[in-house]
Amino acid sequence: MTKKRILLVEDDHLLRMGLKSMIDLHGEYVIDDDVANGKDALRSFKMKKQDVILLDLRLPDIPGTEVLQRIRQIEPSVKVIVLTASDDNDFIFDALEHGANAYVLKGANPDELFLAVHYALDGGLFISPHLAKVIVRDYLLVNRQRKALPPMKNLTVREKEIVRHIIDGWKSKEIAESLFISIKTVDKHRSNILGKLGINSSNQLRHGSLFLPED
């Protein structure tokens, strides 16, 4: 059976050589090409159309997520394994939203990397167990905070609209321009919202209301 070809994208030379050696020794896959930046990764993939890409998110020239997007445009079905040192939820969700099939931490057990490749090729989704624990922990924390807030039904339609913008991180000026109202009116709505919900700041609202109902 023909071995699946891997494109390895990693700017750390020692790590790249270590991964290449480890994968070669494993025997189930073959490193078709290894590069140190996003431009070379895109050039290689356009020419060779590898089956799997091991992609570092922090590259010296192009953000890894942009490389991922552009590769997906070339070949939507390619399997992409994000290999990174970041365990930040925002990085994880951003990578998954851009089409990553797996998210593996650098330094993880080699078996974890091969399991991720296996899952991806089989059409599944893989996240390092350590990261999965962090995601679940943070979700449960946010969910508890959400349940602790008073019902959103106490807010008017306009106030709910403003709450959604606050959760998205919009400033008063941006909200005012979007809704064609004055900044003073936005600030008055903010004050009313905090009073109705019994909280002290918009920051508390952002962290406790990620699942604001649509009605």
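Below are the figures for this structure:
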read-out	value
Pair list, Cβ < 7 Å and 6+ apart or interchain, from region 1-21 residues that are under 12 Å from Asp33 (Cβ atoms) to residues that are aromatic (Phe, Trp, Tyr)	Ile6/Tyr29; Leu7/Phe45
Every pair of residues 6+ apart whose Cβ atoms lie under 6 Å, when the first sits in region 70-95 and is on the phi < 0 side of the Ramachandran plot while the second is at pLDDT below 80 and of a type in the set (A, V, I, L, M, F, W, C)	Asp87/Leu131
Residues satisfying the stated conditions in region 104-116, i.e. touching a Ser or Thr at 6+ places or on another chain (Cβ under 9 Å) and either in a helix (DSSP H, G or I) or at pLDDT 90 or above (or both)	Val104, Glu112, Ala116
Residue in region 117-135 that is within 24 Å of His13 (Cβ to Cβ) and not in a loop (DSSP other than H, G, I, E, B) present	yes
Test for Leu131: is it modelled with pLDDT under 85 and surrounded by 13 or more Cβ atoms within 10 Å (Cβ to Cβ)	yes
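The values are calculated or read from the model by the stated rules, or taken from the named source; none is laboratory data. Computed from a predicted model, the values in this text were never measured in an experiment. Backbone-built Cβ (ideal geometry, glycine too); neighbour counts: all protein chains shown.
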